[in-house]
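Enquirer: Starting off with a structure, shown below.
The values are calculated or read from the model by the stated rules, or taken from the named source; none is laboratory data. Note that this is a predicted model, so its numbers are computed, not measured. Neighbour counts run over all protein chains shown; Cβ positions are idealised from the backbone, glycine included. Note: areas computed on protein heavy atoms with side chains; ligands, DNA, RNA excluded. Shrake-Rupley method; radii C 1.70, N 1.55, O 1.52, S 1.80 Å.
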Amino acid sequence: MTAAPADTVPAPVPADGAAPTGPEPAGPEAALIRDMVRIRCVEEELCDRYRDDQEMRTPTHFSIGQEATAVGVAAATGPDDLVYTGHRSHAPYLAMGGDLRAMVAELYGRESGCARGRGGSIHLVDRSAGFAGSAAILGEMISVAVGAGWSAALRGRPQVALTFFGDGATEEGVFHEAVNFAQVHRVPVVFLCENNLYSISSPLGQRQPAGSTITDRVTAYGLWARSVDGNDVYAVRAAARAAVQRCRTGAGPAFLELHTYRWREHVGPGWDHDHGYRSREEIDAWMARCPIRRAVEVARPTQPGLDDWVREWERRYRAEVRDAVRVARAAAWPPVSTLVDGAYGAGR
Amino acid sequence: MRELTYWQAISEATVQCMAEDPTVLVLGEGVDDHKGTFGTTKTAFERYGAARVVDVPNSENACAGIAIGAAANGMRPLVVHTRADFMFLAMDALVNLAAKWRYMYGDQGGAPVVTRGVVGRGWGQGATHSQSPHATFGHYAGLYVATPASPADAKGLLVQALRGDTPVVLIENRNLYPMTGPVPEEPEPVPFGVGRIARAGDDVTVVAASLMVAEALRAADQLATRGVGVEVVDVRSIRPLDERIICESVARTGRLVVADTSWARYGFAAEVAAVVAETVPEALRAPVRRVTLPDCPAPVSWPLEEAFHPGADEIVEACLALVGDRRGELPRLTSAAAGFHGPY
Ligand SMILES: Cc1ncc(C[n+]2csc(CCOP(=O)(O)OP(=O)(O)O)c2C)c(N)n1
């Protein structure tokens with residue numbers, strides 16, 4: 001375990017301070033910040049618990065530093081839309097309004113978990129929130145999202161499917177096959193590539209040709225594709241709205257490359273700048289572009305008392321996740337007698 | 001003989017084969033990183049660098065085909081998957097091409113690509129990160145499939161794979177990596193299709209593959225205190241399968257337990273039972289017992305995962321049932337893999 005980099009970089013949200021005096025900021029911009037703060041708080045708390053309790057026996061991929069992509073995209077979705085993700089699933093789940101207690105219980109392997117303890121961190125699901133599933137085999141959910149969007153179109157529903165995946169997943173054949181199909185059939189699906197520059201410890205330049213971009217490659221299939229600053233939540237939301245809008249009008253699929261960065265190690269709670277694959281300077285530079293801090297800076301002039309409210313939200317959500325952990329740990333395990341239940345459906 | 005861990009034995013075999021044969025290449029996601037595929041590719045990368053130990057993009061399907069093309073054209077690619085589950089994306093190339101190449105082109109040369117797949121069992125790896133596909137690959141004629149259970153075999157079978165003319169799938173259970181055992185210094189090949197008696201006994205034969213060999217040995221230790229002699233047969237490779245060593249043992253003991261890290265249906269355990277039923281049906285003094293996974297995907301939740309994976313304890317139960325004995329005061333055994341810690 002190594003210490004957090006950037007001792008000198010202030011935490012994006014100070015831990016204590018005055019309680020806010022004015023009314024809670026309302027409106028969509030404040031909601032974006034609030035949702036990012038909530039996800040950050042949840043994930044930081046879960047990181048600590050993961051490391052210290054040794055009770056969450058499920059490999060976890062945290063999105064700390066990448067909150068703007070999930071929150072910006074979720075803000076562009078409607079109640080009937082469906083989101084599918086790969087392994088880095090917590091942030092999109094929470095951004096879509098997935099049940100926090102059910103997610104935490106899932107990480108603790110409890111029967112009250114969102115997948116009844118069978119799936120773990122990489123198989124989160126909350127259908128009532130439009131979070132339709134996550135899976136751990138790279139690229140696996142990309143084609144599934146195309147199928148979901150296609151079925152909506154076939155049945156004449158104004159539903160859009162969205163799918164999150166990383167830069168690494170775009171190397172899989174299924175990504176290209178799915179993009180091609182979606183374009184040919186004008187499927188209402190939004191492909192969301194969170195380009196965080198690494199696939200585990202392999203840097204992008206070692207995996208994809210220099211002088212080309214993922215967006216360029218997708219553009220060659222004829223898709224409407226945009227390259228977006230993924231740490232700017234407002235830019236992400238604007239691009240996602242345009243993408244979803246295209247889908248709704250039957251104009252076919254859309255693709256967004258969201259440039260961002262994960263602060264922690266690929267899987268698990270640790271900091272990993274001393275393993276030689278990325279430098280502390282690089283992490284520090286990205287932490288200085290913290291999506292929460294940037295969004296606050298933009299909103300501050302028009303939102304009096306925002307900083308106090310950010311602190312208040314942090315307190316609120318820290319308490320919320322601690323409570324969720326407490327509830328999860330007190331919850332029942334799945335009975336071993338039910339081990340094989342659910343492997344098959346009803347009837348023969 | 002000096003002792004090595006299982007992962008050290010794989011690393012040593014890789015390095016020695018690369019030294020003696022300049023056409024040996026290692027391909028895999030992250031084979032060059034600080035973890036070096038559980039340590040198994042670290043020394044090879046340090047010694048031979050990125051030209052021969054190649055970090056590949058996330059493209060299992062293409063990489064399998066690329067390795068086959070290279071193998072058919074004179075190279076010796078060793079493809080590594082940190083989770084054997086990812087090999088399903090390589091399935092088309094491995095099954096439709098690698099397995100059939102030599103035969104369907106009229107025996108004018110094969111595509112001897114070697115593929116290592118690691119079973120990631122434990123710590124909530126779940127449905128798609130902990131299954132062992134050895135029987136899946138074992139089904140197809142033209143592939144050799146081995147499940148090394150000891151450090152010496154981990155080395156010897158890899159050496160044989162990299163020297164032989166048949167495509168090979170090696171399935172390694174990550175719970176075996178820390179285990180130690182004597183390993184020859186020289187790169188001595190272990191042939192495919194030759195099992196070994198891991199422990200001799202006269203009352204029950206336990207035929208096991210991979211991690212189940214370790215579980216069977218622990219079960220045999222305990223049963224010995226009860227006067228039950230368990231013979232543990234480590235098949236080493238599931239295709240070709242050493243039918244002789246299995247049938248000779250069962251002919252002597254009259255009782256068979258098959259222990260596998262995968263499911264019973266259409267699997268390794270079913271195959272061994274069929275071989276015995278076909279070859280020495282008169283030898284069986286009791287019905288065959290299979291110790292395998294329950295009929296569901298791997299769950300994540302801790303107590304479910306514990307219940308899902310059979311181990312020494314289930315083997316003890318099966319053996320006792322066959323000899324008509326009761327457990328009595330014998331303590332329950334934890335799995336040989338119980339000490340594994342996360343986060344991954
Ligand atoms: C088919 C397949 N191959 C390999 C892996 C192992 N793996 C898990 S995550 C990962 C890196 C993925 O990188 P990226 O898609 O960029 O997503 P990120 O983790 O950066 O969010 C790899 C190689 C996998 N899960 N599935």
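Enquirer: Looking at region A:272-283, can you tell me whether even one residue there is aromatic (Phe, Trp, Tyr), over 30 Å from A:Ala243 (Cβ atoms) and not in a helix (DSSP H, G or I)?
Expert: Yes: region A:272-283 contains one or more residues that are aromatic (Phe, Trp, Tyr), over 30 Å from A:Ala243 (Cβ atoms) and not in a helix (DSSP H, G or I).
Enquirer: State all residues of region A:180-195 that are among the aromatic types (Phe, Trp, Tyr) and either outside any strand (DSSP E or B) or open to solvent by 10 Å² or more (accessible area, probe 1.4 Å) (or both); if no residue qualifies, say none.
Expert: Passing the criteria: only A:Phe181.
Enquirer: Taking A:Asp126 and the conditions (1) among the acidic types (Asp, Glu); (2) at the interface with chain B (Cβ under 9 Å from one of its Cβ atoms); (3) more than 12 Å from the ligand (Cβ to nearest atom), which numbered condition does it fall short on, given that it satisfies the others?
Expert: (2)
Enquirer: Is there a residue in region B:288-301 that is more than 14 Å from every other protein chain (Cβ to nearest Cβ), more than 18 Å from the chain's Cα centre (by Cα) and within 21 Å of B:Leu320 (Cα to Cα)?
Expert: yes
Enquirer: For region B:66-89, indicate whether the set of residues that are in a helix (DSSP H, G or I), open to solvent by less than 10 Å² (accessible area, probe 1.4 Å), aliphatic (A, V, I, L, M) and within 14 Å of chain A (Cβ to nearest Cβ) is non-empty.
Expert: Checked region B:66-89: at least one residue is in a helix (DSSP H, G or I), open to solvent by less than 10 Å² (accessible area, probe 1.4 Å), aliphatic (A, V, I, L, M) and within 14 Å of chain A (Cβ to nearest Cβ).
Enquirer: So, one more: Answer yes or no: is there a residue in region B:44-56 that is surrounded by fewer than 24 Cβ atoms within 10 Å (Cβ to Cβ) and under 23 Å from the mean Cα position of the chain (by Cα).
Expert: No: region B:44-56 contains no residue that is surrounded by fewer than 24 Cβ atoms within 10 Å (Cβ to Cβ) and under 23 Å from the mean Cα position of the chain (by Cα).
Enquirer: Just checking: which of the strands (runs of 3 or more DSSP E) contained wholly in region B:194-238 hold 2 or more residues that are at pLDDT 95 or above, open to solvent by less than 20 Å² (accessible area, probe 1.4 Å) and in contact with a helix residue (DSSP H, G or I) (Cβ under 6 Å, 6 or more places away or on another chain)?
Expert: B:204-208, B:230-234
Condition check ((1) open to solvent by less than 10 Å² (accessible area, probe 1.4 Å); (2) farther than 25 Å from B:Pro303 by Cβ) across all residues:
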| site | (1), (2) |
| --- | --- |
| A:Thr58 | yes, no |
| A:Thr77 | no, yes |
| A:His87 | no, no |
| A:Tyr93 | yes, no |
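Enquirer: Also: Does A:Phe175 count as open to solvent by less than 40 Å² (accessible area, probe 1.4 Å), within 16 Å of the ligand (Cβ to nearest atom) and of a type in the set (Phe, Trp, Tyr)?
Expert: Answer is yes for this residue.
Enquirer: Spot the failing condition for A:Met56; the list is (1) in contact with a Gly (Cβ under 7 Å, 6 or more places away or on another chain); (2) not in a helix (DSSP H, G or I), and only one is missed.
Expert: Going through (1) in contact with a Gly (Cβ under 7 Å, 6 or more places away or on another chain); (2) not in a helix (DSSP H, G or I) one by one, A:Met56 breaks only (1).
Enquirer: Which one of A:Gly149, A:Gly117, A:Gly98, A:Gly130 is touching a residue at least 24 places away in the same chain (Cβ under 8 Å), more than 10 Å from the chain's Cα centre (by Cα) and under 22 Å from A:Val336 (Cα atoms)?
Expert: Answer to the check: A:Gly117.
Enquirer: Here are A:Arg246, A:Arg217, A:Arg294: which of them is open to solvent by 20 Å² or more (accessible area, probe 1.4 Å), of a type in the set (Lys, Arg) and within 16 Å of the ligand (Cβ to nearest atom)?
Expert: A:Arg217
Enquirer: Six or more apart or on different chains, Cβ under 6 Å: which pairs go from a residue in region A:266-280 that's touching a residue at least 40 places away in the same chain (Cβ under 8 Å) and at positive phi to one that's open to solvent by less than 40 Å² (accessible area, probe 1.4 Å) and not in a loop (DSSP other than H, G, I, E, B)? Could you list them?
Expert: Qualifying pairs under 6 Å: none.
Enquirer: Taking region A:200-243, which residues are of a type in the set (D, E, K, R), more than 20 Å from the chain's Cα centre (by Cα) and either within 30 Å of B:Gly36 (Cβ to Cβ) or away from chain B (no Cβ under 14 Å) (or both)?
Expert: Scanning region A:200-243 gives A:Arg207, A:Asp216.
Enquirer: Which pairs do you get when a residue that is assigned to a loop (DSSP other than H, G, I, E, B), found in region B:21-33, comes within reach of a residue that is within 13 Å of the ligand (Cβ to nearest atom) and open to solvent by 30 Å² or more (accessible area, probe 1.4 Å), reach meaning Cβ atoms under 6 angstrom, with the pair 6+ apart or on two chains?
Expert: B:Gly30/A:Ile200
Enquirer: Could you check region B:94-169 for helices (runs of 4 or more DSSP H) lying wholly inside it with 1 or more residues that are over 20 Å from B:Ile66 (Cα atoms)?
Expert: By residue number, B:134-138, B:151-163.
Enquirer: Right, something else. Take the residues of region A:52-83 that are of a type in the set (Val, Ile, Thr) and more than 14 Å from chain B (Cβ to nearest Cβ): which is nearest to the ligand (Cβ to nearest atom)?
Expert: Checking each candidate, the answer is A:Thr69.
Enquirer: Ok, one more. Across region B:48-102, what is the number of residues that are more than 12 Å from the ligand (Cβ to nearest atom) and either of a type in the set (Ser, Thr, Tyr) or not assigned by the TED database to the domain that holds B:Met18 (or both)?
Expert: The qualifying residues number 1.
Enquirer: Every residue in region A:332-347 that is more than 7 Å from chain B (Cβ to nearest Cβ), part of a helix (DSSP H, G or I) and either surrounded by 13 or more Cβ atoms within 10 Å (Cβ to Cβ) or among the hydrophobic types (A, V, I, L, M, F, W, C) (or both), please.
Expert: Passing the criteria: only A:Thr338.
Enquirer: Residues in region A:155-172 that are assigned to a loop (DSSP other than H, G, I, E, B) and within 14 Å of the ligand (Cβ to nearest atom): how many?
Expert: 2
Enquirer: Given the criteria open to solvent by less than 10 Å² (accessible area, probe 1.4 Å), assigned to a helix (DSSP H, G or I) and in contact with a Cys (Cβ under 9 Å, 6 or more places away or on another chain), does A:Tyr50 qualify?
Expert: In short, no.
Enquirer: Shifting gears a bit: Any chance region A:139-149 includes a residue that's of a type in the set (D, E, K, R), within 11 Å of chain B (Cβ to nearest Cβ) and within 16 Å of the ligand (Cβ to nearest atom)?
Expert: Within region A:139-149, one or more residues are of a type in the set (D, E, K, R), within 11 Å of chain B (Cβ to nearest Cβ) and within 16 Å of the ligand (Cβ to nearest atom).
Enquirer: Can you find, within region B:102-117, the residue that is nearest to the other protein chains (Cβ to nearest Cβ) among those that are more than 12 Å from B:Val169 (Cβ to Cβ) and of a type in the set (A, V, I, L, M, F, W, C)?
Expert: Among those residues, the one meeting the criterion is B:Ala111.
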